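The values are calculated or read from the model by the stated rules, or taken from the named source; none is laboratory data. Here the structure is a predicted model, which means the values were calculated and not measured. No Cβ is skipped: glycine too gets one built from the backbone with ideal geometry, and neighbour counts run over all protein chains shown. Note: accessible area is taken over every heavy atom of the protein model, side chains too, but ligands, DNA and RNA are not part of it. Shrake-Rupley method; radii C 1.70, N 1.55, O 1.52, S 1.80 Å.
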Amino acid sequence: MKRAVIIGATSGIGREVAKQLLLQGWHLGIAGRRLPSLEALQSSAPDRVEIAALDVTQPDAAPKLSNLIRRVGGMDLFLLSSGIGYQNIGLNPDIELETTRTNVEGFTRMVDTAFNYFREHGGGQLAVISSVAGTKGLGVAPAYSATKRFQNTYIDALEQLACMQKLNICFTDIRPGFVSTDLLNDGKRYPLLMQPEKVARQIVRALHHRKRVAVIDWRYAVIVFFWRMIPRWIWKRLPIRTGKTM
């Protein structure tokens with residue numbers, strides 16, 4: 001019996017991945033801020049789904065996660081699919097700090113809790129959904145791209161720590177491009193927009209193959225390849241925008 005815990009399963013990518021795993025017979029623990037959404041998903045398989053309402057930015061999120069893991073009966077897979085991001089050319093400090101609280105503070109709180117569980121219980125797979133935005137600093141979304149780079153590096157560091165301590169933990173860093181979720185429901189038109197159902201199927205395949213880094217999809221893999229080759233002096237002059245007002 002395979003068991004997974006997914007944080008951020010109330011909508012978007014996390015919810016679609018949860019649906020895919022349920023179809024494959026997994027037992028799940030799902031968490032997020034919106035309890036009614038969690039209850040709706042639980043109703044589709046009440047004998048195989050445990051739920052918990054939590055906010056990753058709050059200190060009580062860690063014990064709530066630990067309690068959820070116990071109610072599921074342990075976990076083989078942990079997936080963090082909880083994050084926010086905004087275009088913020090005006091550098092509104094409230095937006096930048098809110099993004100940091102969720103994508104750095106909340107991320108660290110949840111990932112460390114999962115890491116410690118796997119360290120104490122013989123290992124498992126620790127997966128996070130970051131973004132291709134972590135490849136380079138995007139001027140239209142400074143905090144978002146910077147926090148995604150933080151997530152990439154943090155997973156690199158935890159992988160090294162697990163190796164140092166001879167832990168049987170597998171890490172998967174999933175980096176999607178633009179996905180049609182509530183996060184992008186801001187009245188802008190985004191290029192190469194992907195549907196969450198299709199993205200979830202690719203993510204589940206990457207999880208099953210225990211890929212270390214999975215860029216979703218192939219088009220973004222090509223883009224990221226060339227992004228990495230652009231020198232800094234050229235990059236800073238590129239007027240990159242992530243969307244146009246509709």
Restraint check, Lys19/Lys198; Lys19/Lys148; Lys148/Lys211; Lys64/Lys166, Cα-Cα greater than 20 Å: Lys19/Lys148; Lys64/Lys166
Rounded percent of accessible protein surface that carbon and sulfur make up, the chain, 1.4 Å probe: 55 percent
Cα centroid separation - the range 1-54 against the range 100-169, whole Å: 21 Å
Thr113 accessible area, assembled protein chains, probe 1.4 Å, Å²: 20 Å²
Sorted peptide list for 202-212, 156-166, 51-61, criterion being average Cβ within 10 angstrom, highest first: 51-61, 202-212, 156-166
Helix-derived mean residue ellipticity, 222 nm - over the chain, DSSP H n ≥ 4, -39500 (n - 2.57), to 500: -13500 deg cm²/dmol
C-alpha long axis of helix 107-120 to longest principal axis of the chain, angle in °: 40 degrees
Cα gyration tensor shape of the range 91-146, rounded if a/c is under 1.5, else prolate or oblate by comparing a/b with b/c: oblate
³J(HN,Hα) computed for each position of the range 73-86 - Karplus, 6.51 cos²θ - 1.76 cosθ + 1.60, integer Hz, glycine/proline x: x, x, 8, 9, 9, 10, 10, 9, 10, 10, x, 9, x, 9
Relative compactness, the chain, computed as alpha-carbon Rg over 2.2 N^0.38 Å: 0.99
Whole-Hz couplings from phi, Karplus 6.51/-1.76/1.60, listed for the range 47-62; x for Gly and Pro: 7, 10, 10, 10, 10, 8, 8, 8, 10, 4, 7, 9, x, 6, 5, 5
Kirkwood hydrodynamic radius (C-alpha pairs) into Stokes-Einstein, the range 41-118, 4 °C and 1.567 mPa s, D in µm²/s: 92 µm²/s
FRET efficiency, Lys2 to Arg237 (Cβ-Cβ, R0 45 Å, nearest 0.05): 0.40
Rounded to 10°, Cα long-axis angle of helix 12-23 versus longest principal axis of the chain: 40 degrees
Accessible surface, per residue, of the range 78-137 when the full set of protein chains is kept, probe 1.4 Å, Å²: 37 Å²
Computed label-point distance, nm, for sites Val140 and His121 using a 7 Å Cα→Cβ extension: 4.1 nm
Two-site label geometry, Arg212 and Asp47: point separation in nm, points 7 Å out along Cα→Cβ: 4.1 nm
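Ranked highest first by average number of other Cβ atoms within 10 Å, how do 14-24, 225-235 line up?
Working: 14-24: 20.5, 225-235: 9.9.
Answer by packing, highest mean first, reads 14-24, 225-235.
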